[in-house]
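The values are calculated or read from the model by the stated rules, or taken from the named source; none is laboratory data. Small disclaimer: the values here were computed from a predicted structure and weren't measured. Backbone-built Cβ (ideal geometry, glycine too); neighbour counts: all protein chains shown.
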Amino acid sequence: MPTLLNAKGFKFFFYANEHPPAHAHVVKADGWAKIEIETSVVVYSSLKKQELKECLELLHLHRQEFLEAWYDWFGR
């Protein structure tokens, strides 16, 4: 399970056997989310509203880095 980022209590990661589109799983305390990296579409979230906002801000800041890690891992 490659970790993309640990920041502000959030852990961004993806599983080694993922499928397109490029997306990240995010956990914080008891909440989690699945978000498409390129579009910031929230596929699922149980994060609190403010946590999701912070999560999306971090995703925006690290989008290119996350995409590079995804495509490096999956060889695309």
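Only residues that are of a type in the set (A, V, I, L, M, F, W, C) and in a strand (DSSP E or B): list them for the stretch 26-51, please.
Taking the stretch 26-51 and keeping what is of a type in the set (A, V, I, L, M, F, W, C), we get 26-27, 29, 32-33, 35, 37, 41-43, 47.
Of everything in the stretch 26-51, those that are of a type in the set (A, V, I, L, M, F, W, C) and in a strand (DSSP E or B) turn out to be VAL26, VAL27, TRP32, ALA33, ILE35, VAL42, VAL43.
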Original post:
Could we say that LEU5 is at pLDDT 95 or above, surrounded by 18 or more Cβ atoms within 10 Å (Cβ to Cβ), of a type in the set (A, V, I, L, M) and outside any strand (DSSP E or B) here?
Top reply: no
Subject >> First in the stretch 1-27 and free of Cβ contacts under 8 Å to residues at least 40 places away in the same chain, second anywhere and among the polar types (S, T, N, Q), Cβ under 7 Å, 6 or more apart >> reply: LYS11/THR3; PHE13/THR3
